[in-house]
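Derivation of every value follows stated rules applied to the coordinates shown; laboratory data play no part. Not measured: the values here are computed from a predicted model. Every residue, glycine among them, receives a Cβ derived from its backbone with ideal geometry; neighbour counts consider all protein chains shown.
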Ligand SMILES: [Zn+2]
């Protein structure tokens, strides 16, 4: 009976839970209220800083923050142009550089909580490189890929129960699913790679965001080439295990460049 009830619930939720990705217009499943994800994200952002304390006041920490504010402004402008500024209405932007030289990763939680691990900085290399990563991660967040992934995981692994129920019944498992859905999972031992479709969307939107912020989107090609090169080594960086790359990515990025360059040249 409980099962039947939850099935009916899921079907009802389906009726209103489909939203659209900015720019691509792809329909997606968002079962979890965004405000609930944002509350959870503010919590987890604090917790992760207890494990990996932020580096404060160094030139590279200041750089992450400087790029961050430019990208946040660009994101607001981009969403306003597309009539989607509601997507970030509850955002409280923060940009931290977390001390962990062995972790090659970065993420953006819903609500605009962004973290770079120090391990990704040699590949970011410069301000434009930081903008590439940040643009890509913000794109995942505003395209609500995390919500989509968590919704799918709740359906597949917990029979479609609501997030607040899942949190009550299986708090630790649910927490791990949440972190995995937002690309933080490696640190807690759960891996959930973004799909190719989501990656392409994040690349496309990310290029536009960095262009609006005044960074040359061509830098994205150089960044992914550096990332690919590192992947050829002994260990695959975390960033690549959650952001699966493929030989065609750089070709696809080149195809996306003209669209982004229009935004860049307007500046
Ligand atoms: Zn990605």
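Structure notes:
- Most fluctuating residue given options 159, 112, 146, as computed from a GNM of the chain linking Cα atoms under 10 Å: 159
- Cβ-Cβ FRET estimate between residue 225 and residue 170, R0 fixed at 51 Å, reported to 0.05: 0.75
- With respect to the chain, whose longest principal axis is taken over its alpha-carbon atoms, helix 2-16 is tilted by about 40°.
- Calculated FRET value between residue 77 and residue 197, using beta carbons and R₀ = 22 Å, to 0.05: 0.30
- The chain: angle of helix 34-51 to the longest principal axis, Cα-based, in degrees nearest 10: 60
- Largest mean-square fluctuation among 74, 156, 106, in a Gaussian network model of the chain whose springs join Cα atoms under 10 Å apart, belongs to 156.
- Straightening the chain between residue 43 and residue 102 buys 18.8 nm, computed as 0.36 nm per residue apart minus the Cα-Cα spacing.
- For the chain, the longest principal axis of the Cα atoms and the long axis of helix 248-266 meet at an angle of about 70 degrees.
- The modelled label-to-label distance between residue 248 and residue 126, using points 7 Å beyond Cα along the C-beta direction, is 3.1 nm.
- Taking only the C-alpha atoms of the chain, the Rg (one decimal) and the largest Cα-Cα distance, Dmax (whole number), read 18.0, 60 Å.
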